[in-house]
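In what follows, a structure is listed as structure tokens, so that the remarks can point back to it.
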Amino acid sequence: MKLTLSISLAALCIATCATAAEVSPDSARQVTLQELSVTAIKQGNDLDYQAVSATSLGRDLIESQRITDAKAASNLVPNFFMPDYGSRITSSVYVRGLGARIDQPVVGMNIDNVPIMNKDNYDFDLPDIDRIEMLRGSQGTLFGRNTMGGLINIYTLSPLSYQGTRAIASYSTGNSWRVGASHYAKPSDKLGLSASAHYRSTDGFFTNRHNGQKCDWERQGGGRIKAQWRPTAHLSIDNVLSLSVVRQGGYPYELVSQKNTAVGAFTPGVISYNDTCFYRRTSVTEGLTIGLSLDRVQLSSITSYQYINDNMTLDQDFLPASYFTLTQAKREHAITQDFIAKGSASSRYSWLAGLFGFFKTCDMDAPVTFLNDGIAQLIEYNYNSHSPNDRIEWDSRSFVLGSNFTITNYGAALYHQSTLRLADFTLLAGLRLDYEHAALKFLSHCTTGHTVYNRATNEPILHRPIEINDPGRLNESFLELLPKFSVTYHIPGTKKASVYLSAAKGYKAGGFNTQMFSDVLQNRIMETMGVIGSTYKVDEIITYKPEHSWTFEAGTHSEWLDSRLHTDISAFYIHCTDQQLTVFPDGNTTGRVMTNAGKTRSCGVEIALRAFPTDRLSLSASYGYTNARFIEFNNGKQDFANNYIPYAPKSTIFAAANYRIPVGRDWLRHIVLGANVSGAGRIYWNEENDISQNLYALLGAKVSLVSKLFTLDLWGENLTDTDYRTFYFMSISNSFLQRGCPRRLGMTLRVNIQ
């Protein structure tokens with residue numbers, strides 16, 4: 001049997017950007033195929049030939065833009081929005097009007113083909129990124145659950161294609177600095193090894209007026225070991241082990257307006273809270289990829305183990321008063337296995353089939369601690385204001401609403417995709433059968449009590465202890481069929497020009513509203529006091545349904561004028577049922593709840609251009625427009641039909657220009673002058689659409705000094721010091737927001753020794 005190269009070596013990576021090119025114009029025009037790299041196993045590397053709206057960012061651009069994570073890369077991509085707020089646990093992603101702030105993501109993420117199973121672990125620094133692909137539109141047929149909005153593929157540098165030592169040092173506003181080093185070696189023709197380590201620190205930009213300290217400080221570090229072995233011409237084995245450690249303050253939320261002034265009036269427009277806020281995370285990911293190429297079949301196995309141990313602790317009222325604090329600490333283990341087979345029966349027909357399975361278990365403790373003002377205002381006041389004959393006093397000025405959970409998810413999927421080439425047409429059809437089971441085991445508990453007094457005599461009548469110990473189990477199962485169809489027409493007589501039509505179904509898994517258990521428990525306490533009846537039914541308020549969508553898309557990829565002009569244009573329509581939305585229940589609640597809207601629709605366009613008028617000048621621009629509205633959504637009190645979906649921007653913009661000045665010396669080969677602008681908006685912050693963020697633009701610029709061994713960047717971000725908001729929410733009927741980062745200036749030194 002004839003043997004061919006392994007699937008992990010079978011392709012050359014695309015290293016240029018599909019929407020923005022802040023690289024030297026020479027390299028951007030003349031080099032479209034770079035080093036040998038790990039291939040995208042399921043999709044292949046050249047997205048310009050596929051029926052998908054995608055952006056591919058190469059290493060030159062990634063380093064030029066100082067991109068170390070997907071959040072920074074999203075600024076360059078039309079209709080792709082990852083707001084920077086809260087802490088690194090808040091990895092919200094919005095694409096084409098789809099997205100949610102908690103629980104299941106709308107976009108999947110793979111790192112070196114390994115799927116990241118929890119979006120809480122999406123936001124971390126990753127050194128030596130070689131390529132980032134950001135796909136828009138449902139990718140459910142090949143990648144399943146939680147990819148209905150798109151997919152982020154990140155590939156790191158290969159020690160088989162690059163050997164040498166790399167180092168980076170950066171310093172900027174806010175006493176922010178970052179250092180990192182990596183070494184790539186090839187002990188033999190068949191073995192490549194690399195190791196990297198990095199650390200970053202910032203004092204932050206926002207001050208908590210209550211204690212005079214910065215609240216958004218961060219310390220983050222990690223390491224990565226990568227081994228690639230090619231024992232034979234047809235077998236490849238890749239293994240990547242990574243560690244990430246995050247320690248943050250975070251949560252620079254400032255008061256906008258205050259409804260309840262019984263405890264005191266607080267100053268709007270400032271950040272001021274009295275209890276500790278922080279986020280801590282330690283994560284480990286181990287991924288093993290094995291590839292075997294036979295005559296007409298390429299086999300791949302992707303196995304991973306993922307571990308997360310994190311703790312989010314909040315002053316959840318975000319006021320200089322003592323209402324309550326929240327801790328959410330979890331320990332999660334996940335195992336994934338993906339078997340993939342790719343084949344070609346002829347030059348016209350090819351196919352891909354796979355079997356995917358996963359198992360994930362999470363133990364979580366989420367206590368809410370009621371403090372003096374919370375007891376006084378939310379419990380004692382509610383009782384005493386409605387009781388004419390008696391009043392109560394709590395036994396202590398703090399008590400804990402305890403919630404302990406074990407959440408288990410497992411699932412399996414079968415998928416197939418066929419591609420048929422007929423003259424200038426490419427026809428594609430795929431189908432996935434996806435099954436998932438989710439189980440929640442919970443224990444809600446509280447030990448406290450109060451004394452009842454006669455109002456007239458002020459004498460104690462009785463002491464009422466409260467002992468709650470409520471265990472329970474909930475189970476949900478989901479079975480989905482996810483089809484996909486596309487047709488691509490390759491325009492004859494052109495180097496690279498095509499138009500395509502596609503339709504695909506996607507879904508987000510359902511789940512459990514664990515953050516609502518404290519409110520359920522609070523209502524149980526009030527029920528024992530005889531103040532109110534039971535407001536929440538656990539099986540109704542805790543579970544939410546899957547979200548389903550159909551995405552219809554038309555687009556074109558093209559190159560013109562001897563590859564001096566690249567264009568990508570697409571238009572889409574998305575029909576969504578049971579869209580998952582994060583809302584804040586009415587009243588003095590402490591939690592957030594995921595609910596399902598009836599029906600929504602989203603439509604829009606995406607335009608990306610790259611131009612190289614001369615060998616020294618590169619220009620790029622992208623624009624995304626999304627009109628996302630509710631078709632049916634009534635929460636029982638208000639009808640939101642035709643309102644815009646909150647948190648998803650209507651427009652995203654990016655534009656960049658770079659000019660290279662040759663010097664021609666080893667110590668200084670050339671100078672690059674660059675400027676860029678990015679922005680998003682309008683963003684509505686609630687279903688009523690009465691609070692929003694207008695379209696804002698952030699200006700950046702840089703000067704790069706490039707030599708044979710090093711590159712020195714002098715850069716600035718948000719140079720006009722634009723004031724904009726990245727987040728808005730409510731807690732106990734008070735409104736809060738977070739502002740975007742102010743003007744930042746810095747310098748970055750990169751050293752490459754080969």
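The values are calculated or read from the model by the stated rules, or taken from the named source; none is laboratory data. Not measured: the values here are computed from a predicted model. Ideal geometry is used to build each Cβ from the backbone, glycine not excepted, and the neighbour counts take in all protein chains shown.
When segment 222-254 is filtered for residues that are among the polar types (S, T, N, Q) and under 19 Å from the mean Cα position of the chain (by Cα), the ones remaining, listed by number, are SER242, SER244, GLN248.
For segment 493-504, does any single residue satisfy the condition of being assigned to a loop (DSSP other than H, G, I, E, B), surrounded by 13 or more Cβ atoms within 10 Å (Cβ to Cβ) and out of contact with any Lys or Arg (no Cβ under 6 Å at 6 or more places or on another chain)? Steps first, answer last, please.
So the first thing to find is which residues in segment 493-504 are assigned to a loop (DSSP other than H, G, I, E, B), and the list is 493-496.
Then keep just the ones that are surrounded by 13 or more Cβ atoms within 10 Å (Cβ to Cβ); that gives 496.
Next cut, out of contact with any Lys or Arg (no Cβ under 6 Å at 6 or more places or on another chain) only: 496.
Checking segment 493-504: at least one residue is assigned to a loop (DSSP other than H, G, I, E, B), surrounded by 13 or more Cβ atoms within 10 Å (Cβ to Cβ) and out of contact with any Lys or Arg (no Cβ under 6 Å at 6 or more places or on another chain).
If you go through segment 682-723 and pick out every residue that is closer than 30 Å to LYS650 by Cβ, surrounded by 14 or more Cβ atoms within 10 Å (Cβ to Cβ) and not polar (S, T, N, Q), you end up with 18. For segment 226-263, residues that are within 30 Å of TYR724 (Cβ to Cβ), in contact (Cβ under 8 Å) with a residue 24 or more places away in the chain and either buried (at least 22 other Cβ atoms within 10 Å of the Cβ) or not basic (Lys, Arg) (or both) total 14.
Here ILE407 passes the criteria (1) in contact with a Cys (Cβ under 7 Å, 6 or more places away or on another chain); (2) surrounded by fewer than 16 Cβ atoms within 10 Å (Cβ to Cβ) except the one numbered (2).
Among the residues that make up segment 242-251, is at least one of them aromatic (Phe, Trp, Tyr), under 26 Å from ASN208 (Cβ atoms) and either in a strand (DSSP E or B) or in contact with a Ser or Thr (Cβ under 7 Å, 6 or more places away or on another chain) (or both)? Checked against the condition, which is being aromatic (Phe, Trp, Tyr), under 26 Å from ASN208 (Cβ atoms) and either in a strand (DSSP E or B) or in contact with a Ser or Thr (Cβ under 7 Å, 6 or more places away or on another chain) (or both), segment 242-251 yields at least one hit. What do you reckon, is ASP317 in contact with a strand residue (DSSP E or B) (Cβ under 9 Å, 6 or more places away or on another chain) and outside any strand (DSSP E or B)? So ASP317 passes the test.
If you go through segment 53-87 and keep only what is over 26 Å from ALA100 (Cβ atoms), among the polar types (S, T, N, Q) and part of a helix (DSSP H, G or I), you end up with just SER64.
Based on this model, can you work out whether ASP338 counts as out of contact with any Leu (no Cβ under 9 Å at 6 or more places or on another chain) and either farther than 20 Å from PRO465 by Cβ or touching a residue at least 12 places away in the same chain (Cβ under 8 Å) (or both)? Judged against the criteria, ASP338 is not a match.
Given GLY222, GLY287, which one is surrounded by 21 or more Cβ atoms within 10 Å (Cβ to Cβ), under 30 Å from ALA197 (Cα atoms) and touching a His at 6+ places or on another chain (Cβ under 7 Å)?
Just one listed residue meets the conditions, GLY222.
Mind listing whichever residues of segment 264-284 are in contact with a Ser or Thr (Cβ under 8 Å, 6 or more places away or on another chain) and either in contact (Cβ under 8 Å) with a residue 24 or more places away in the chain or crowded, with 21+ Cβ neighbours inside 10 Å (or both)? Matches in segment 264-284: PHE266, ILE271, ASN274, ASP275, THR276, CYS277, PHE278, TYR279, ARG281, THR282, SER283, VAL284. Within the option set ARG224, ARG230, ARG247, being of a type in the set (D, E, K, R) and either over 30 Å from LEU749 (Cα atoms) or touching a helix residue (DSSP H, G or I) at 6+ places or on another chain (Cβ under 8 Å) (or both) holds for one residue only, ARG230. Going by the structure shown, is TYR122 under 21 Å from TRP217 (Cα atoms) and more than 10 Å from the chain's Cα centre (by Cα)? In short, no.
The residues of segment 727-754 that are on the phi < 0 side of the Ramachandran plot and surrounded by fewer than 17 Cβ atoms within 10 Å (Cβ to Cβ), listed by number, are PRO742, ARG743, LEU745, MET747, LEU749, VAL751, ASN752, ILE753, GLN754.
Looking for something on the phi > 0 side of the Ramachandran plot and not polar (S, T, N, Q) - is there at least one such residue anywhere in segment 683-700? Taking every residue of segment 683-700 in turn, none turns out to be on the phi > 0 side of the Ramachandran plot and not polar (S, T, N, Q). Residues that are surrounded by 21 or more Cβ atoms within 10 Å (Cβ to Cβ) number at least 3 in the following strands (runs of 3 or more DSSP E) confined to segment 100-213: 107-111, 129-136, 150-156, 176-188, 191-202. Give the residue that is nearest to THR614 (Cα to Cα), with candidates limited to residues of segment 656-680 that are in contact (Cβ under 8 Å) with a residue 40 or more places away in the chain and among the small types (Gly, Ala, Ser). Applying the filter and picking the extreme gives ALA657. Just to be sure before I move on: is ALA641 at pLDDT below 95 and under 30 Å from the mean Cα position of the chain (by Cα) in the structure I sent? Yes.
May I ask you to verify whether VAL246 is of a type outside the set (S, T, N, Q) and under 20 Å from CYS741 (Cα atoms)? It is true that VAL246 is of a type outside the set (S, T, N, Q) and under 20 Å from CYS741 (Cα atoms). All conditions but one from (1) farther than 30 Å from LEU745 by Cβ; (2) hydroxyl-bearing (Ser, Thr, Tyr); (3) more than 21 Å from the chain's Cα centre (by Cα); (4) crowded, with 24+ Cβ neighbours inside 10 Å apply to SER64; the one that does not is (1). The criterion of at least 3 residues that are at negative phi and surrounded by fewer than 21 Cβ atoms within 10 Å (Cβ to Cβ) is met by the following strands (runs of 3 or more DSSP E) wholly inside segment 324-376: 324-344, 349-365.
Out of ARG331, ARG280, I need the residue that is under 30 Å from VAL256 (Cβ atoms), under 27 Å from the mean Cα position of the chain (by Cα) and at pLDDT 95 or above. Which one? Quick ask: steps written out before the conclusion?
Values: ARG331 fails: under 30 Å from VAL256 (Cβ atoms).
Only one candidate qualifies: ARG280.
So, of the residues in segment 530-570 that are of a type in the set (S, T, N, Q) and farther than 30 Å from MET594 by Cα, which turns out to be modelled with the lowest pLDDT? In this case the residue turns out to be SER563.
All conditions in (1) in contact with a helix residue (DSSP H, G or I) (Cβ under 7 Å, 6 or more places away or on another chain); (2) within 30 Å of ASN389 (Cβ to Cβ) hold for THR448, with the sole exception of (1). Restricted to segment 505-517, and to residues there that are assigned to a strand (DSSP E or B) and touching a Pro at 6+ places or on another chain (Cβ under 7 Å), the residue that is surrounded by the most Cβ atoms within 10 Å (Cβ to Cβ) is LYS508.
Can you say whether ASN658 is under 17 Å from CYS603 (Cβ atoms) and part of a strand (DSSP E or B), as far as the supplied structure shows? No: the conditions fail for ASN658. Within segment 652-668, if we keep just the residues that are within 28 Å of THR722 (Cα to Cα) and surrounded by fewer than 19 Cβ atoms within 10 Å (Cβ to Cβ), the residue that is nearest to the chain's Cα centre (by Cα) turns out to be ALA655. Return a yes/no flag: does segment 24-37 have any residue that is aliphatic (A, V, I, L, M), at pLDDT below 90, in contact with a strand residue (DSSP E or B) (Cβ under 8 Å, 6 or more places away or on another chain) and not in a strand (DSSP E or B). Yes - at least one qualifying residue is present in segment 24-37.
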